[in-house]
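Report on one structure; see the data block that follows.
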């Protein structure tokens, strides 16, 4: 279990680093004038991915117990703050909308991915291996982070 949690934690943080580095290097985004819109979409995704990565590493450190109460309080606050950030950044996307383009599709996809990651961590587990995804996502399982927050 410790190895799996380490993999999840490091994986989320590496994913955040990749999402932070890639937008600056996409020529078509600059050509479409979509840099600001893309950063408004990427910002909440980076936040949720880093939060998730840190959570998995904390969970690993405190196995078999739940995360300590002071960390649980932080994550309860993030559960309220994250949707505000996602919505605010959505407004930023609309305000800096690049118009119909490949960049616009990317911006929408990244922003929706941020919302899905938030839901996956704080409401309903959405992440399953692809072959069993359809069967398991319908179960509306409670994410481990939420179970930890309820236990503390």
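Observations on the structure shown:
- Residue pairs whose Cβ atoms lie under 7 Å apart, sitting 6 or more positions apart in sequence or on different chains, and linking a residue in the range 61-88 that is free of Cβ contacts under 8 Å to residues at least 12 places away in the same chain to a partner that is part of a loop (DSSP other than H, G, I, E, B), are 62/68.
- Scope the range 7-26; condition over 15 Å from residue 103 (Cα atoms) and in a loop (DSSP other than H, G, I, E, B); matching residues: none
- Residue 64 passes every criterion in (1) in contact with a helix residue (DSSP H, G or I) (Cβ under 6 Å, 6 or more places away or on another chain); (2) under 21 Å from residue 148 (Cβ atoms) apart from (1).
- Every residue from the range 69-80 that is surrounded by 12 or more Cβ atoms within 10 Å (Cβ to Cβ) and either modelled with pLDDT under 95 or within 17 Å of the chain's Cα centre (by Cα) (or both): 74, 75, 76, 78, 79
- Residues of the range 30-42 that are crowded, with 20+ Cβ neighbours inside 10 Å and either without any contact (Cβ under 8 Å) to a residue 12 or more places away in the chain or touching a helix residue (DSSP H, G or I) at 6+ places or on another chain (Cβ under 6 Å) (or both): 32, 34, 37, 38, 40, 41, 42.
The values are calculated or read from the model by the stated rules, or taken from the named source; none is laboratory data. Just so it is clear, the structure is predicted and the values come from calculations on it, not from any experiment. Virtual Cβ from ideal backbone geometry, glycine too; neighbours counted across all protein chains shown.
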